[in-house]
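Student: Structure provided below as structure tokens; questions to follow.
The values are calculated or read from the model by the stated rules, or taken from the named source; none is laboratory data. These numbers were taken from a predicted model, which means no experiment stands behind them. Cβ atoms come from the backbone with ideal geometry, glycine included; neighbour counts cover every protein chain shown. Please note that ligands, DNA and RNA were not included when accessible areas were found on the heavy atoms of the full protein model with its side chains. Shrake-Rupley method; radii C 1.70, N 1.55, O 1.52, S 1.80 Å.
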Amino acid sequence: MPTLAITGHELRALAKSWLVRLWLIAAALATFFTTAGNWTTMESAVLIATLQIPFLVFPWFLVVIMLGISPVTGVRLDALADGILSRPVTRHEFLLAAWLARLVTVLAVYLCVSVPAILLITYARRPVPADDLSLYGVLVTLGVVSLVLMLLVSLAFCAGTLLRQPLLAAVVLMLIWFPLSLVLHTFSLEEFSPISLNQALPTVLQTPWRTADVAAEPGPRAEDLESLARQTSQFLSILSGGATPAREPQGSFLERGDYDDFSVPHIVLGYGIPAVAALGLSLLVFSRRDL
Amino acid sequence: MTDVAIRTEHLTKVYGGRVIAVNDLTLDVPVGAVYGLLGPNGAGKTTTIRLLLGLQRPTAGWAEVMGHRCGVQATAVRQAIGYLPTNPSFPGHLRPFEYLDLLGKICRVPGDERRRRAADLLRAVELLGATNQRISTFSTGMRTRLGIAASLLHNPTVLIWDEPTAGLDPAARRFTLDLIADQAGKRTVILATHILSDIDQICDHVGVVHEGRMIFSGSMREVRQRLRRDSFHLELDGPVETIHRLAAQLPASGGLATDVRDDRVLIVRIQDERNRAGALAEVLQHVAASDVSLRSIGAGQGDTESAYLQLLQEDRAYGFRRFDFQTPAVADANAGDHGA
């Protein structure tokens, strides 16, 4: 009961915050203008993937970080210690409730904005060729973006708990998150890079339900090794300032076969494990702190 | 059922390996006592309370509340304690009933009982008229009263109130002290304060903390017994020069030391060898013989204050002797020898 009570209290406080209200309005407007602007030009899968860019890449990750910064920072900590943590509630219960409230708030804003837009794009008649949008693909897309947002909330939560100063935590996380995403993107590691993940979404959205993932080959394939070598070479070239190796001419995006090895379990593990680890670290650090 | 509500043994808290906030503090608070934790600002009272609540972890030693060991995850301890912090802060966007309802849920109080108790408590602390106001609009006195209600909500067996009268106007202060007096006998109450008159009025036990260490713990009767009853004061009315001359004449008769305060209060200290009644009779004879009139006579400026100041003075006077040379092993050996 204490965890639910604190979650409810934190949710109400977040719902009343100007940051959440402004974000909801801004996200709704951005989604509306993006949809309207590309209504007659983009296929459904590409348009839906485009709508995810603000959440996965820029700028909403900044808002998510600000929201995710844990409540056990700065001047709020004294009030929390006196008001809530001096009551018969464990620190783990409190932190989990605070984290859950932030996660629910972020996902509520994301889903409130994205789901109506996706429904509209899917079912409205538009002057573009119909593509093979699948329900499975849409659900996976919503799921993986939610997973990335969960990771961001958890990282912000952890940074706030570790660094104690909300502003410092936000700056540090911003300075780490974006460059890290770029580096991971260089290796096309959609399991870890939201930028690569976003590029994979049009493929995902057209992927029908299948169980082929479980039949994955045990060892590395030759094409994977070749791809890895090419990506490493490209990354080293970028770092050393040398010329980027010429790429072979490729077909259109959906014909190239990119991201056909997209694996939901890999994504879940790639984002889920760091999120759980960040939350665990927050609990560990906070349970050893003097208030 | 334990007869000790709160027990600490060699409780020590050192911040960052540098600042010693609580120093080897050993304390027993009997069940049902109204215990005044007295000490100057920065003596370690609040740190001791936070150690009891599990908000901080002790560097050494341990503490128990109602038989439960204190610690970060010790919810049983916090269930037994109703805590009122100094200048309590609240979620300002809530109204008092909403706040108490939230705390009741956190304290696992069942729904019906929670709402009934919240309403009763708001009435008891005279906040019924403010139930429609947001807490952010409350005055200091109203906040303290809400904090008092919050501390009582889950019907705790121990109340710990940290400087509950700080920043209150006289009426609010009186209200708070009356409320504490009302709780006496129903629960164990710990009142941390540096205001001696509060202790004097409502506490039956007192612990004096100085520089993080408990330098005295006992009943109010014991603390007053410790007071050297070798001084009294006479409030006089008359020419200032006469009062000062009187103060100068008295020591000449031997065994007396005098001082004048505010040009009208003559303080007389009696040396060990003098008989108190005889010394007092002699002083009164001198007063009667002079052209000043006696307005009142009393034994010092409040017994508790004198005792408290005396305790602090004694503690400082001990100097290096305050260090306990006996290691536990030696002490145990000595105890064994005595036992044999």
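Student: Of the residues that make up region B:63-81, is at least one within 26 Å of residue B:179 (Cβ to Cβ), aliphatic (A, V, I, L, M) and under 15 Å from the mean Cα position of the chain (by Cα)?
Tutor: Checked region B:63-81: no residue is within 26 Å of residue B:179 (Cβ to Cβ), aliphatic (A, V, I, L, M) and under 15 Å from the mean Cα position of the chain (by Cα).
Student: Now for a different question. I need the full set of residues from region B:139-154 which are more than 23 Å from the chain's Cα centre (by Cα) and within 14 Å of chain A (Cβ to nearest Cβ), in order please.
Tutor: B:153, B:154
Student: Right, residue B:156: part of a loop (DSSP other than H, G, I, E, B), within 25 Å of residue B:188 (Cβ to Cβ) and of a type outside the set (S, T, N, Q) or not?
Tutor: Judged against the criteria, residue B:156 is a match.
Student: Give the residue, chosen from A:145, A:72, A:104, A:128, that is within 14 Å of chain B (Cβ to nearest Cβ), among the β-branched types (Val, Ile, Thr) and in contact (Cβ under 8 Å) with a residue 60 or more places away in the chain. Lay out the reasoning, then the answer.
Tutor: On the way: A:145 fails: within 14 Å of chain B (Cβ to nearest Cβ); A:104 fails: within 14 Å of chain B (Cβ to nearest Cβ); A:128 fails: within 14 Å of chain B (Cβ to nearest Cβ).
Of the residues listed, the single one that is within 14 Å of chain B (Cβ to nearest Cβ), among the β-branched types (Val, Ile, Thr) and in contact (Cβ under 8 Å) with a residue 60 or more places away in the chain is A:72.
Student: Conditions: (1) open to solvent by less than 10 Å² (accessible area, probe 1.4 Å); (2) in contact (Cβ under 8 Å) with a residue 60 or more places away in the chain. Residue B:183 meets all but one. Number of the miss?
Tutor: Every condition holds for residue B:183 apart from (1).
Student: Taking residue A:61 and the conditions (1) assigned to a helix (DSSP H, G or I); (2) within 14 Å of chain B (Cβ to nearest Cβ); (3) not β-branched (Val, Ile, Thr), which numbered condition does it fall short on, given that it satisfies the others?
Tutor: Exception for residue A:61: condition (2).
Student: Looking for whichever is assigned to a helix (DSSP H, G or I) and more than 17 Å from residue A:202 (Cα to Cα) here; the options are A:49, A:117, A:30. Which one fits?
Tutor: Exactly one of A:49, A:117, A:30 is assigned to a helix (DSSP H, G or I) and more than 17 Å from residue A:202 (Cα to Cα), namely A:30.
Student: Looking only at region B:219-235, count how many residues are closer than 16 Å to residue B:309 by Cα, surrounded by fewer than 24 Cβ atoms within 10 Å (Cβ to Cβ) and in contact (Cβ under 8 Å) with a residue 12 or more places away in the chain.
Tutor: Here the count works out to 9.
Student: Considering region B:28-84 alone, what residues qualify as being open to solvent by 50 Å² or more (accessible area, probe 1.4 Å), at pLDDT 90 or above and either under 23 Å from residue B:16 (Cα atoms) or of a type in the set (Lys, Arg) (or both)?
Tutor: B:46, B:57, B:58, B:59, B:62, B:69
Conditions (1) modelled with pLDDT under 65; (2) out of contact with any strand residue (DSSP E or B) (no Cβ under 8 Å at 6 or more places or on another chain); (3) under 21 Å from residue A:68 (Cβ atoms); (4) not small (Gly, Ala, Ser), marked per residue:
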| site | (1), (2), (3), (4) |
| --- | --- |
| A:172 | no, yes, yes, yes |
| A:175 | no, yes, yes, yes |
| A:181 | no, yes, yes, no |
| A:184 | no, yes, yes, yes |
| A:187 | no, yes, no, yes |
| A:196 | no, yes, no, no |
| A:203 | no, yes, no, yes |
| A:217 | yes, yes, no, yes |
| A:224 | yes, yes, no, yes |
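Student: Can you find a residue that is open to solvent by 10 Å² or more (accessible area, probe 1.4 Å) and within 14 Å of chain B (Cβ to nearest Cβ) anywhere in region A:34-54?
Tutor: For region A:34-54, residues open to solvent by 10 Å² or more (accessible area, probe 1.4 Å) and within 14 Å of chain B (Cβ to nearest Cβ): absent.
Student: Sticking with this one: Among the listed residues A:57, A:20, identify the single one that is among the β-branched types (Val, Ile, Thr) and within 15 Å of the chain's Cα centre (by Cα).
Tutor: A:57
Student: Applying the selection to region B:236-259, what residues are open to solvent by less than 30 Å² (accessible area, probe 1.4 Å) and touching a strand residue (DSSP E or B) at 6+ places or on another chain (Cβ under 8 Å)?
Tutor: Of everything in region B:236-259, those that are open to solvent by less than 30 Å² (accessible area, probe 1.4 Å) and touching a strand residue (DSSP E or B) at 6+ places or on another chain (Cβ under 8 Å) turn out to be B:236, B:243, B:246, B:247, B:250, B:255, B:256.
Student: Under 7 Å by Cβ, and 6 or more places apart or on different chains, what pairs join a residue from region B:15-31 that is closer than 15 Å to residue B:46 by Cβ with one that is among the aromatic types (Phe, Trp, Tyr)?
Tutor: Final answer for the pair search is B:21/B:15.
Student: Let me ask something else. State the number of residues belonging to region A:85-101 that are open to solvent by 20 Å² or more (accessible area, probe 1.4 Å) and either at positive phi or within 7 Å of another protein chain (Cβ to nearest Cβ) (or both).
Tutor: Matching residues across region A:85-101 total 1.
Student: Across region B:85-106, what is the total count of residues that are more than 8 Å from every other protein chain (Cβ to nearest Cβ) and open to solvent by 40 Å² or more (accessible area, probe 1.4 Å)?
Tutor: Total satisfying the criteria: 5.
Student: Among the residues of region B:156-167, are any farther than 25 Å from residue B:29 by Cα, away from every other protein chain (no Cβ under 14 Å) and modelled with pLDDT under 90?
Tutor: Start the filter on region B:156-167 by keeping residues that are farther than 25 Å from residue B:29 by Cα, which leaves B:167.
In the following step, the residues that additionally are away from every other protein chain (no Cβ under 14 Å) were identified as B:167.
Among the residues that remain, those that are also modelled with pLDDT under 90 are: B:167.
There is at least one residue in region B:156-167 that is farther than 25 Å from residue B:29 by Cα, away from every other protein chain (no Cβ under 14 Å) and modelled with pLDDT under 90.
Student: For region B:204-215, indicate whether the set of residues that are open to solvent by less than 80 Å² (accessible area, probe 1.4 Å), touching a Leu at 6+ places or on another chain (Cβ under 7 Å) and over 26 Å from residue B:308 (Cα atoms) is non-empty.
Tutor: no
Student: Here is a further query. Just the residues that are part of a helix (DSSP H, G or I) and in contact (Cβ under 8 Å) with a residue 60 or more places away in the chain, please, taken from region B:66-112. Step through it out loud before you land on a result.
Tutor: At the first step, the residues of region B:66-112 found to be part of a helix (DSSP H, G or I) are B:75-80, B:96-106, B:111-112.
Selection gives B:79, B:80.
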